[in-house]
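**Q** Shown below is the structure under consideration.
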Amino acid sequence: MESRHRGARAVLLVGILLGVGNLLYVLAASPVHVGIDYRVYHLAGSVALEGGNFYRAVPEGLAGYFHYVYPPITVFGFVPLALLGSETVGFAVHTVLTVLVGLAAVWLLVRYIERVSDTRLPWLDRGLIAAFVVGSVHSMSSLFFGQVNHHLVAALVVGFLALDADRETLAGVAFGFAAFLKVFPAAVGLWLLRRRAWRAIAAAVSFAAAGFVAGIVVFGPDLTVAYVERALVPRLSTGEFAGGLDPGATYLTIRRPISVLLPTVDPALYSVLAGLVLAPPVAYLYRTIEDREDRLVSIMGTMVAILLFFPSYPLYFVILYFPLIPLLYLLAGGRPRQLLLAGALVSSIAIRYDDLQTAFALLGETPESLLTVLRPILTFVTPGLLGTLLILAACLLQRRRKHGPQFRFRRLA
């Protein structure tokens with residue numbers, strides 16, 4: 001167990017150190033971006049108090065795409081912060097609350113690991129897990145931007161652990177909240193279908209539907225239409241992938257290499273091709289979920305597929321925290337574990353081609369020959385994408401090692 005802890009500790013520590021480095025870089029190079037998303041939330045809360053259209057409200061000095069993007073009723077989560085008056089005070093309170101939400105998710109994760117392993121985690125590991133969830137390279141952007149992704153993590157952790165405990169209604173409400181807030185987590189419904197968790201599905205759909213109805217009742221249909229037009233429809237745009245995704249684009253998605261390999265294909269078809277690439281490994285993992293380990297690697301495959309299918313930003317890697325963190329401690333040694341650790345480490349290297357250009361410019365040297373070699377590589381695949389694919393490969397290898405290439409489909413015990 002101690003040797004297993006060492007690998008997990010290395011992964012967590014690297015992620016934490018890179019998160020701190022990311023924060024220091026932003027504070028030094030672009031302090032204006034600190035709290036940039038919170039400014040949108042704060043303004044939305046203020047405009048809602050005045051009875052205005054908070055989807056058209058853009059903070060002063062920000063580009064037009066910085067506007068509120070969540071369903072209308074969610075604005076009540078930011079109204080109390082807007083009532084504080086000062087953006088600075090509101091951001092400070094929001095940050096404290098975000099950290100507390102992250103620590104609540106940590107508490108649940110630690111309890112789960114200890115219960116499954118029947119071993120109490122040392123305080124060192126508890127501290128590393130807490131720092132990783134709250135401020136790793138994957139989480140830090142959400143923290144200093146003032147985002148709400150820690151809340152998304154907490155909701156997903158609650159959902160999966162409630163489902164594990166056969167508390168389907170609670171699981172459905174938690175998943176419904178995550179999907180209502182960010183939309184794309186609705187794809188977790190694939191896992192609920194595989195589990196035949198009908199009550200969870202009903203609870204999730206009911207929660208989301210109630211949220212939309214509440215928004216219509218409170219604000220009228222116009223703001224819900226504005227939400228669809230200003231927030232949902234733009235997310236469906238595929239224009240950036242036309243002719244191959246730019247190497248400086250931030251997206252973490254399997255559509256990146258697809259668009260590079262097939263630049264002349266209609267970008268609208270990339271979602272179909274992404275589905276065709278990701279469906280087989282998920283189906284392979286879904287063939288058996290007879291015990292907890294099977295379910296953990298199947299959930300991991302589901303969450304990786306969700307992350308890579310959509311044009312996701314790297315900060316959404318946090319949706320993998322469950323079951324990634326438990327698997328770091330619970331997956332037995334061998335090649336699957338080595339791949340998992342390697343994937344988790346590589347995925348923490350959040351670097352793109354334009355980042356290298358900026359770094360070399362700051363150093364005063366631009367090695368053109370090196371950039372010429374790296375450009376096509378980083379255009380095709382980023383370290384974050386490679387690391388995530390290695391995590392998926394670890395799950396597939398673990399499933400093959402445990403069950404072999406062929407076996408009968410079995411019902412969940």
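**Q** In whole angstrom, how far apart do the alpha carbon centroids of the stretch 130-194 and the stretch 91-106 sit?
**A** Computed from Cα coordinates, the inter-centre distance equals 14 Å.
**Q** Please list, ordered by chain and number, the residues whose modelled amide H lies under 5 Å from the amide H of G35; skip anything fewer than 5 residues away on the same chain.
**A** F145, G146
**Q** What are the ³J(HN,Hα) values, in whole Hz, obtained from phi via the Karplus relation 6.51 cos²θ - 1.76 cosθ + 1.60 with θ = phi - 60°, for each residue of the stretch 223-234 in sequence order, with x given for Gly and Pro?
**A** Per residue, the Karplus-derived 3J(HN,Hα) values read 6, 5, 4, 4, 4, 5, 6, 8, 10, 7, 4, x Hz.
**Q** In deg cm²/dmol and to the nearest 500, what is the mean residue ellipticity at 222 nm of the chain if only DSSP H runs of at least 4 residues count, each as -39500 (n - 2.57), divided by the residue total?
**A** On the way: 19 runs with 272 residues, N = 413.
Calculated from helices alone, the mean residue ellipticity at 222 nm is -21500 deg cm²/dmol.
**Q** Further question on the same structure: Provide the FRET efficiency to the nearest 0.05 for the S206-S86 pair, computing r from the beta carbons and using R0 = 45 Å.
**A** My answer for the efficiency is 0.75.
**Q** Just order 310-322, 227-239, 18-30, 273-285 by mean Cβ neighbour count inside 10 Å, highest at the front, would you?
**A** 310-322, 273-285, 18-30, 227-239
**Q** A follow-up question, please. Keeping all protein chains in place, calculate the accessible area per residue for the chain (probe 1.4 angstrom), answer in Å².
**A** Per-residue value: 44 Å².
**Q** With the crude spin-label approximation of a point 7 Å out along Cα→Cβ, what separation in nm comes out for D266 versus E60?
**A** 4.6 nm
**Q** For the chain, set up a Gaussian network in which alpha carbons nearer than 10 Å are linked by springs, and say which option among F175, F91, F66 fluctuates the most.
**A** Result for the chain, Cα springs under 10 Å: F66 fluctuates most.
**Q** How large is the dipole of the chain about the Cα centre if only Lys and Arg carry +1 and Asp and Glu carry -1, each at its Cβ, rounded to the nearest 20 debye?
**A** 1760 debye
**Q** Can you list the HN-Hα couplings for the stretch 276-281, worked out from phi with the Karplus curve (6.51, -1.76, 1.60; θ = phi - 60°), rounded to whole Hz and with x for Gly and Pro?
**A** Running phi through 6.51 cos²θ - 1.76 cosθ + 1.60 with θ = phi - 60° gives 5, 6, 8, 4, x, x Hz.
**Q** Could you give the size of the charge dipole of the stretch 1-236 about its Cα centre, using +1 on the Cβ of each K and R and -1 on the Cβ of each D and E, expressed in debye and rounded to the nearest 20?
**A** So the dipole magnitude of the stretch 1-236 works out to roughly 660 debye.
**Q** Here's another thing I want to ask about it. Could you pull out every residue, at least 5 positions away or on a different chain, whose amide H is within less than 5 Å of the one on A242? Hs are placed 1.01 Å off N in the peptide plane, and Pro or chain starts have none.
**A** So A242 has HN proximity to no qualifying residue.
**Q** Please give me the summed charge of the neighbours of I16: other residues whose Cβ is under 14 Å from its Cβ, Lys and Arg +1, Asp and Glu -1.
**A** Neighbourhood net charge equals +1.
**Q** Give me the net charge of D164's neighbourhood, meaning all other residues with Cβ under 15 Å from the Cβ of D164; Lys, Arg count +1, Asp, Glu -1.
**A** Details: positive: R111, R115, R167, R194, R195, R196, R199, R292, R295; negative: E114, D166, E168, E290, D291, E293, D294.
Charge balance near D164 sits at +2.
**Q** Residues with beta-carbon under 10 Å from that of Y284, excluding Y284: net charge, scoring Lys, Arg +1 and Asp, Glu -1?
**A** Summing Lys and Arg as +1 and Asp and Glu as -1 gives +3.
**Q** With θ set to phi - 60°, apply the Karplus curve 6.51 cos²θ - 1.76 cosθ + 1.60 along the stretch 44-59 and write out the HN-Hα couplings as whole Hz, x wherever there is a Gly or Pro.
**A** Couplings: 4, x, 5, 5, 4, 5, 8, x, x, 8, 6, 7, 9, 8, 10, x Hz.
**Q** Report the FRET efficiency, 1/(1 + (r/R0)^6), for V79 and L374, where r is their Cβ-Cβ distance and R0 is 41 Å, rounded to 0.05.
**A** Numbers: r = 47 Å, r/R0 = 1.14.
Efficiency, from the Cβ-Cβ distance: 0.30.
**Q** Give me the Å³ per residue figure for the convex hull around the C-alpha atoms of the chain.
**A** Value for the chain: 153 Å³ per residue.
**Q** Next question, about the same structure. Would you work out what percent of the accessible area of the chain, with all protein chains in place, is carbon or sulfur (probe 1.4 Å)?
**A** 67 percent
**Q** Let me ask you something else. For a Förster distance of 22 Å, can you work out the FRET efficiency between the beta-carbons of F360 and V32, rounded to the nearest 0.05?
**A** The pair F360/V32 has a calculated efficiency of 0.40.
The values are calculated or read from the model by the stated rules, or taken from the named source; none is laboratory data. What you see is a predicted model; the values in this text were computed from it and never measured. In this analysis, Cβ positions are derived from the backbone assuming ideal geometry, glycine residues included, and neighbour counts consider all displayed protein chains. For the accessible areas, the whole protein counts, side chains as well, though only heavy atoms, and no ligand, DNA or RNA atoms are used. Shrake-Rupley method; radii C 1.70, N 1.55, O 1.52, S 1.80 Å.
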